[in-house]
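Comments concern the structure below.
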Amino acid sequence: MDAIRVRGGRKLAGDIQISGAKNAALPILCAVLLSEGPSLLRNVPGLRDIDTTAALLRFLGCEVVVDKEAHEVRVPSAKLSRVEAPYELVKQMRASVLVLGPLLARHGKAKVSLPGGCAIGARPIDQHLKGLEAMGAKIRLERGYVIAEGPGNGGRLHGADIAFDLPTVTGTENIMMAAALAKGRTTLWNCAREPEVEELGRVLNKMGARVDGAGTDVMHIDGVPELAPFDHAVIPDRIEAGTYLIAGAVVPGSDVRILGAVLEDMEALVLKLRQAGVQVEREGEGIRVRREGPLKPVHVTTAPHPGFPTDMQAQFLVLMTQATGESVMSETIFENRFMHVPELSRMGAQIEVRGRAAVVHGPTPLEGASVMATDLRASASLVIAGLMAEGETEVRRVYHLDRGYESMETRLRAVGADCERVKNAEG
Ligand code: EPZ
């Protein structure tokens with residue numbers, strides 16, 4: 001397994017170009033299943049999760065070309081030979097559950113492995129299943145699989161009124177795709193409002209769907225008999241952008257510009273960074289981040305969009321280790337998303353986890369160490385810690401990192417970081 005080695009203390013300066021949004025590309029690639037093709041997705045990030053989704057689409061019978069040079073995924077044909085998403089693929093990436101809605105909508109049948117829990121929590125899909133049942137799907141769980149059929153043994157789903165118990169991102173996306181081809185109107189209340197949900201609504205409408213209100217907490221979707229393929233360029237990745245904003249704030253004297261990011265999608269994070277004393281402002285078509293003086297401690301609570309994103313929690317926590325005083329980070333979305341804390345403590349951070357809150361005492365100088373990545377965003381936070389630690393940090397099991405960040409070490413080196421990837425390091 002690969003590792004990333006970082007020698008800390010370097011000021012960062014220069015531009016970092018942001019890739020397309022992973023969490024927009026994944027549902028859009030599943031929307032390929034709603035039409036025969038040929039579809040084309042542009043500005044696709046070069047990530048393991050994209051490769052996994054391509055493998056799943058091929059397993060279902062699609063013809064898929066992933067062109068990493070061009071950052072495109074071409075699907076010349078989405079004619080299916082199967083309607084099953086096997087455990088081997090779903091266990092690699094829980095977002096595979098996003099094929100459930102499209103398969104049911106277009107083919108009336110689906111057999112999808114339950115995603116199971118993951119490092120950050122149980123992550124059930126009850127809201128997805130309740131929504132589909134409201135639309136007439138017959139659903140049973142059998143030997144770890146969801147077996148679903150449209151009404152009357154594989155018939156067409158019908159519209160429904162659905163109120164989510166919580167604003168689930170992929171739950172909203174699954175139901176949007178199912179409703180796009182259902183008979184009649186589906187109204188969703190308490191939907192997820194993430195920019196990636198809004199982006200999926202744009203693509204579905206490009207395909208001929210009639211989605212109104214994507215990106216807000218109430219959505220109306222009038223089903224149509226069939227959908228056309230799409231040609232679409234993905235929005236930039238706000239979480240990748242936020243991660244590099246924090247990388248540009250951890251070493252005083254750094255001055256980095258993040259190119260291609262949409263500041264409006266990152267307001268909650270930017271406000272907290274400014275509150276901490278980090279300078280963040282729009283500059284040209286980028287966002288400039290600088291950090292001069294000491295950092296102030298900040299209290300943060302993660303929340304569904306437009307609140308502070310849970311996917312930025314680990315990265316912001318690392319920054320708070322340098323703030324003068326006591327910061328508190330409350331994680332309200334996932335039940336076990338502080339696994340980066342023990343690793344950061346080994347580097348000298350003073351963080352105390354009390355249930356869903358982490359209390360950080362700073363500033364504490366961090367020391368380089370060998371640390372273990374456990375989930376996608378935790379691994380990014382450990383690399384960021386390495387940027388400011390004294391000495392060398394080796395972040396192991398960076399396959400977690402590769403799921404959501406395209407060649408992070410190359411991008412950081414390009415702005416002055418002293419880091420490199422070590423192939424086949426110890427696990
Ligand atoms: C999406 O996951 C993202 N993944 C996650 O990003 C992100 O952390 C999460 O939304 C929250 O913003 C993709 O978009 C592919 P949820 P998702 O359904 O949809 C509970 C990353 O780092 N819940 O909004 O799985 C659930 O347990 C990844 O890129 C139910 O109880 O998240 C969690 O506590 C990690 N029942 C909360 O809701 C359900 O049916 C939010 O989950 C669904 C969810």
With the stretch 265-310 as the region, which strands (runs of 3 or more DSSP E) entirely inside it contain at least 2 residues that are aliphatic (A, V, I, L, M)? 286-290
Within the bounds of the stretch 259-270, is there any residue that is modelled with pLDDT under 95, under 21 Å from residue 311 (Cα atoms) and buried (at least 23 other Cβ atoms within 10 Å of the Cβ)? yes
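Go through the residues of the stretch 215-232 one by one and say whether even a single one is free of Cβ contacts under 8 Å to residues at least 24 places away in the same chain, farther than 21 Å from residue 322 by Cα and either of a type in the set (Lys, Arg) or not in a helix (DSSP H, G or I) (or both).
yes
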What is the number of the single condition among (1) more than 11 Å from residue 176 (Cβ to Cβ); (2) in contact with a strand residue (DSSP E or B) (Cβ under 8 Å, 6 or more places away or on another chain); (3) not aliphatic (A, V, I, L, M) that residue 196 does not meet? (2)
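Here's a check for you: in the stretch 223-244, which residue that is crowded, with 17+ Cβ neighbours inside 10 Å and more than 30 Å from residue 318 (Cα to Cα) is nearest to the ligand (Cβ to nearest atom)? Working first, answer last.
Of all residues in the stretch 223-244, those crowded, with 17+ Cβ neighbours inside 10 Å come to 223, 227, 229-230, 232, 234-244.
After this cut, where a residue has to be more than 30 Å from residue 318 (Cα to Cα) as well, the list is 223, 227, 229-230, 232.
Values: 223: 22, 227: 21, 229: 22, 230: 19, 232: 17 Å.
Across the stretch 223-244, the extreme among qualifying residues is 232.
Taking the criterion of being outside any loop (DSSP other than H, G, I, E, B), within 15 Å of the ligand (Cβ to nearest atom) and surrounded by 24 or more Cβ atoms within 10 Å (Cβ to Cβ), would at least one residue in the stretch 150-164 satisfy it?
Within the stretch 150-164, the first condition is being outside any loop (DSSP other than H, G, I, E, B), and the residues that meet it are 151-154, 158, 161-163.
Then drop every residue that is not within 15 Å of the ligand (Cβ to nearest atom), which leaves 162-163.
Filter again for surrounded by 24 or more Cβ atoms within 10 Å (Cβ to Cβ), leaving none.
No.
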Just name the residue that is farthest from the chain's Cα centre (by Cα) out of those in the stretch 271-296 that are buried (at least 19 other Cβ atoms within 10 Å of the Cβ) and touching a residue at least 60 places away in the same chain (Cβ under 8 Å). 295
Selection count where residues are touching a Leu at 6+ places or on another chain (Cβ under 7 Å) and crowded, with 24+ Cβ neighbours inside 10 Å, scope the stretch 402-411: 2
Restricting attention to the stretch 183-194, and to residues there that are more than 11 Å from the ligand (Cβ to nearest atom) and surrounded by fewer than 24 Cβ atoms within 10 Å (Cβ to Cβ), which single residue is farthest from residue 217 (Cα to Cα)? 183
Out of the residues in the stretch 114-149 that are among the β-branched types (Val, Ile, Thr) and out of contact with any strand residue (DSSP E or B) (no Cβ under 7 Å at 6 or more places or on another chain), state the one that is nearest to the ligand (Cβ to nearest atom). 125
Which condition does residue 415 not pass, out of (1) under 28 Å from residue 333 (Cα atoms); (2) of a type in the set (A, V, I, L, M); (3) under 25 Å from the mean Cα position of the chain (by Cα), if it passes all the others? (1)
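The values are calculated or read from the model by the stated rules, or taken from the named source; none is laboratory data. Source: prediction; values computed, not measured. Neighbour counts run over all protein chains shown; Cβ positions are idealised from the backbone, glycine included.
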